[in-house]
Structures are given as structure tokens and as C-alpha cells.
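What follows is calculated from the coordinates using simple rules that are stated; it is not laboratory data. Predicted model only: the values in this text are computed from it and were never measured. Positions of Cβ are backbone-derived with ideal geometry, glycine not excepted, and every protein chain shown enters the neighbour counts.
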Amino acid sequence: MSTTGSSNNSDPLHITLVKYESGLGVPGIMPPKLSSTVEITKHPEQNAKVTKTEFIDSKPSNSQQGELADGGFSTVLAMVDDLKSLPFRPTPGGPDVFGANTVVQVRQGRNVVWGYNPGAGCAVADSPDEFHASVTDEHRTKFNDAVNKIVATSNDAFI
């Protein structure tokens, strides 16, 4: 599966990570607290722009913007491809089968191309099914490693 979708090639590619402190994919009344967001936007013929925002008590506390060199953006795309290779059902509202408290979304323009979007608070489905039970510790490690590498690479925009 290609990282870019079938929409117009002049549309920017957006890669968004939303990290929560804990509780993503866990049923309950209270939603999890937002920890940070990373938005990487790549327009054709331009360097990727990175916006990173940190939150305290789910309120923005610090925001940075920078540019990522092409090599860095290629690394991010490779990590997205690694994430796409992992087994999961792209059903919003399910449990966080990778246990990373992280939402990942890839869009071409306004069209979602790929995403991992577990539920939060009362929006979580009841319990994992057989498919979710087939996700292994190796899959969880691969997910966490790819997310951590995307975050580390995006931090290069601020050096």
C-alpha cells in the first residue's frame, strides 16, 4: 500500500501523532489527558514542516515549528510504512492494542489514507476480540519503535 493516497498529487501529505499520558483505548467516563502532538506536513517541492506541541493538563504549554530535510522526511515515511505493516483493524473506537497511548493519522489533503485511532473514554468498544488478541509483544515493540523514531526524526527540525 502506498503512503500517498489517490487524491490530487498537489495536496500536502500530513502525518499526525497524538500522544496521551495514559488511558487511550480504556473504557471509562473521563477521556485520557493529552500529552503531545506532532504534525508533519509535506507540500510537493518543499521541505516538510513540523509543528510539535506539548500539553500540561491537556492544555497547550509549549509549541515549536521547524523544517525537516528531505532525508528526515524519507525516514518518517519509512516508519509509517512499518506501522502500516502491523496487524490491526482500522476501526475507530477500539482498544489500544499496541499499548502506546498514541493515535497516528496519515492524510493526503483532507483524505485519510491510513490511521491508528483507538477510542478514548466512553467511546471505547467493550473488549478486544480474537483479532486483537493476536497482536504480539513483537508487534507492540515495532509500533512503539516506529512512533519513537518518527518523534526523534521530527525533533531534528528544531536543531
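Brief remarks on what is shown
- Long-range tail of P(r) for the range 24-87 (Cα pairs > 20 Å, %): 48 percent
- Lysines whose Cα lies under 16 Å from that of Lys142, excluding same-chain neighbours fewer than 8 positions away: Lys84
- A Stokes-Einstein calculation at 4 °C with viscosity 1.567 mPa s, built on the Kirkwood radius of the range 60-110 over Cα pairs, returns a diffusion coefficient of 94 µm²/s.
- Summarising the label geometry, the points placed 7 Å from Cα in the beta-carbon direction at Met30 and Asn9 lie 5.0 nm from one another.
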